[in-house]
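The values are calculated or read from the model by the stated rules, or taken from the named source; none is laboratory data. Predicted, not measured: the structure shown is a model, and the values here were computed from it. Cβ placement follows ideal geometry from the backbone for every residue including glycine, while neighbour counts extend to all protein chains displayed.
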Amino acid sequence: MKTALITGITGQDGAYLAEFLLAKGYKVHGLKRRSSLFNTQRIDHIYEDPHIENQNFILHYGDLTDATNLIRIIQQVQPDEIYNLGAMSHVRVSFDIPEYTANTDALGSLRLLEAVRLLNLTHKTKVYQASTSELYGLVQEVPQSEKTPFYPRSPYGVAKLYGYWITVNYREAYNMFACNGILFNHESPLRGETFVTRKITRAVSQMAHNLESCLYLGNLDAQRDWGHAKDYVEAMWLMLQHDEPTDFVIATGVTTRIRTFVEKCFQKVGVTLTWKGSGVDEIGIVSQYNGTSPKLQEGSVVVRIDPEYFRPTEVDLLIGDATKARTLLGWKPKYDLDALIDEMMAADLELMRKQAQMNQLDK
Ligand code: NDP
Ligand code: GDR
């Protein structure tokens, strides 16, 4: 039985990866942060009572900013594979807390690699580093591949650049099996509520259930290559099963504007959206509606721009070339954008249906 340690297990990818590895017969250990409220909603369905024997799913309190704690946990767990998914992962927020972002996302990766080295586990423990398409930043070429130069555009991207290179360096200096997965945006019903896709699917579902009137967004013209997190965690695992440690781009190869994502989500609830105006004055208006929600009647303004959501420096265009992963790992995504939107909208519509029902009961 293989043993894996996942940092960031309470996040979107951590939850899907834990489920995936448990189904493969792994013993899964996860690092979770102390918080004043429960933060394990995404993994509660796979939680195992610590009082039972032979647990296969074990959580440890920890933090990537605390080296001694990482050393202690890795010593105790002796993992065959470490998936370093823990991070301050919000690009916009990284402009507000740049130092914390660097500490967690850059130095956190170093602490983990160094713990493996100090514990003499370099021959045993393989390490996956959650690198990102945010490394590409300012467009140098498209589609972006493993050979495309990096030009990060946020404190998050710059911190992840360090994480990328320190992983390469430990692989070369200490002969470690350490890989970077350069993953493009991946989403799911478990996506955090402040990332743009989930923010949109939630708001549209709220409007369909008469719970919200307007969705406030920033830059509608950025283009993203969106996949499903379920497909992407499989790629993480495949990388650590490959004969050689190397870095891979994981992407669908299809890019879409934010505004198109918005239109598609509204279509799912019977709305045809029309855009009027430009810049910060642009609005999205319901031009046709085939449904009953008072919030979505024809002529309603359902999207507005809030400049607060613009970033000081933006990443305009991401489109990934995953040829290397397809060729060497046999990886290809099962979901396309429409299937992803279908799943996210179905989940949020159900969530809001329940919310609306509870609101009725409270009256
Ligand atoms: P999430 O934001 O959903 O999850 C991040 C996880 O990291 C959470 O479990 C969070 O804990 C944990 N975390 C945050 N700070 C610390 C810390 N200081 N110490 C330990 N753990 C911490 O991210 P995703 O699941 O979407 O992404 C996983 C990884 O992949 C991240 O590193 C992200 O940067 C990277 N990535 C994501 C992509 C995407 O499109 N999703 C694309 C490319 C890379 P808590 O729940 O307590 O907040
Ligand atoms: P991103 O994802 O920055 O690509 O990082 P996010 O969904 O936050 O933004 C995507 C694009 O949408 C634009 N946008 C908005 N974004 C948010 N969050 N909120 C808004 O209201 C809004 N309006 C427009 C943004 O400007 C941007 O262009 C994600 C994270 O998961 C990272 O951790 C990961 O590394 C990258 O994907 C790949």
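Looking across region 246-263 at every residue that is in contact with a helix residue (DSSP H, G or I) (Cβ under 6 Å, 6 or more places away or on another chain) and over 22 Å from Asn219 (Cβ atoms), the one that is surrounded by the fewest Cβ atoms within 10 Å (Cβ to Cβ) is identified as Phe248. Only one of the listed residues (Glu134, Glu193, Glu172, Glu187) is without any contact (Cβ under 8 Å) to a residue 40 or more places away in the chain and within 12 Å of ligand 1 (Cβ to nearest atom). That residue is Glu193.
Looking across region 101-126, the residues that are more than 20 Å from Gly157 (Cα to Cα) and of a type outside the set (Ser, Thr, Tyr) come down to Glu114, Ala115, Val116, Arg117, Leu118, Leu119, Asn120, Leu121, His123, Lys124, Lys126. Any residue that is assigned by TED's automatic domain parsing to the domain that holds Tyr16 and without any contact (Cβ under 8 Å) to a residue 12 or more places away in the chain - is there at least one of those in region 102-120? Scanning region 102-120 turns up at least one residue that is assigned by TED's automatic domain parsing to the domain that holds Tyr16 and without any contact (Cβ under 8 Å) to a residue 12 or more places away in the chain.
Here Tyr156 clears all of (1) within 12 Å of ligand 1 (Cβ to nearest atom); (2) touching a Ser or Thr at 6+ places or on another chain (Cβ under 9 Å); (3) not assigned by TED's automatic domain parsing to the domain that holds Thr132 except the condition numbered (3).
In this structure, does Phe266 turn out to be surrounded by fewer than 18 Cβ atoms within 10 Å (Cβ to Cβ), closer than 20 Å to Leu217 by Cα and aromatic (Phe, Trp, Tyr)? No, not satisfied.
One line per residue, one yes/no per condition, for (1) within 16 Å of ligand 2 (Cβ to nearest atom); (2) at pLDDT 95 or above:
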{"site": "Gly14", "(1), (2)": "yes, yes"}
{"site": "Tyr26", "(1), (2)": "no, yes"}
{"site": "Arg42", "(1), (2)": "yes, yes"}
{"site": "Ile52", "(1), (2)": "no, no"}
{"site": "Gln55", "(1), (2)": "no, no"}
{"site": "Ile73", "(1), (2)": "no, yes"}
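Every test in (1) under 18 Å from Val315 (Cβ atoms); (2) not assigned by TED's automatic domain parsing to the domain that holds Pro79 is passed by Ala203 save one, and that test is (1).
For Thr252, the requirement of being assigned by TED's automatic domain parsing to the domain that holds His90, within 13 Å of ligand 1 (Cβ to nearest atom), hydroxyl-bearing (Ser, Thr, Tyr) and under 26 Å from Ala15 (Cβ atoms) is not met.
For Lys126, state whether it is among the charged types (D, E, K, R), surrounded by 19 or more Cβ atoms within 10 Å (Cβ to Cβ) and within 13 Å of ligand 1 (Cβ to nearest atom). The answer is no for Lys126. For region 84-115, residues that are in a helix (DSSP H, G or I), over 21 Å from Leu70 (Cβ atoms) and within 14 Å of ligand 2 (Cβ to nearest atom) total 4. What is the number of the single condition among (1) surrounded by 13 or more Cβ atoms within 10 Å (Cβ to Cβ); (2) among the β-branched types (Val, Ile, Thr); (3) more than 19 Å from Ala178 (Cα to Cα) that Ile52 does not meet? Just one mismatch for Ile52, condition (1). Within the span defined as region 32-43, one or more residues are within 19 Å of Asp231 (Cα to Cα) and either touching a residue at least 12 places away in the same chain (Cβ under 8 Å) or in the same structural domain as Arg111 (by TED's automatic domain parsing) (or both). What are the residues in region 292-319 that are part of a loop (DSSP other than H, G, I, E, B), in contact (Cβ under 8 Å) with a residue 60 or more places away in the chain and of a type in the set (Asp, Glu), if any? Correct list: Asp306, Glu314, Asp316.
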